[in-house]
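The values are calculated or read from the model by the stated rules, or taken from the named source; none is laboratory data. Keep in mind that this is a model prediction, so the values were computed, not measured. Here Cβ is always computed from backbone atoms with ideal geometry, including for glycine, and neighbour counts include all displayed protein chains.
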Amino acid sequence: MDGSLSQRVMWIVWPAFLVAGAAELVFFSVFDPFSLHFFGAPLEWSRQAIYALGFFGFWGLGVASSALTVLLGRSPFEINRCPLDAASRPHGCPKREANDPRPQHDLGAPA
């Protein structure tokens, strides 16, 4: 699952947008916006405001779902790779020691 940050953002946002549109169509074809109540009080917003709030709410749920899918779809290599090159890795790092051409000294032994 290679991809730049912009690709991953689109993998998250675009499917969530499509699902939000479909979810809003289904939800508001069943429920009238003026019959909805929030904590027992009717919503006193315009129909368009309720539709917009519903769309963004569904879009937020879709974004969370898609982000979790992208996060869990990462390969072990992507998760475990070191972002630093061999020379700038801290002392004691096994990958630095494997790639470091300088001789390794035992820190506890006298020189």
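Please indicate, with yes or no, whether at least one residue in the stretch 18-36 is at pLDDT 90 or above, surrounded by 12 or more Cβ atoms within 10 Å (Cβ to Cβ) and among the hydroxyl-bearing types (Ser, Thr, Tyr). No - not one qualifying residue is present in the stretch 18-36.
Every residue, every condition in (1) modelled with pLDDT under 85; (2) loosely packed, with under 10 Cβ neighbours inside 10 Å; (3) under 22 Å from Ile12 (Cβ atoms); (4) over 31 Å from the mean Cα position of the chain (by Cα), yes or no:
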site: Ala41; (1), (2), (3), (4): yes, yes, no, yes
site: Arg74; (1), (2), (3), (4): yes, no, yes, no
site: Ala86; (1), (2), (3), (4): yes, no, no, no
site: Pro90; (1), (2), (3), (4): yes, yes, no, no
site: Cys93; (1), (2), (3), (4): yes, no, no, no
site: His105; (1), (2), (3), (4): yes, yes, no, yes
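On inspection, Asp100 passes the criterion of being at pLDDT below 95 and either within 26 Å of Ser4 (Cβ to Cβ) or surrounded by 14 or more Cβ atoms within 10 Å (Cβ to Cβ) (or both).
Does the stretch 23-31 contain at least one residue that is assigned to a loop (DSSP other than H, G, I, E, B) and either within 30 Å of Cys93 (Cα to Cα) or not hydroxyl-bearing (Ser, Thr, Tyr) (or both)? Checked the stretch 23-31: at least one residue is assigned to a loop (DSSP other than H, G, I, E, B) and either within 30 Å of Cys93 (Cα to Cα) or not hydroxyl-bearing (Ser, Thr, Tyr) (or both). Among residues of the stretch 81-95 that are assigned to a loop (DSSP other than H, G, I, E, B), those with a Cβ under 9 angstrom from a residue that is modelled with pLDDT of 75 or more and not hydrophobic (A, V, I, L, M, F, W, C), sequence gap 6+ or separate chain, pair up as Cys82/Arg89; Leu84/Pro90.
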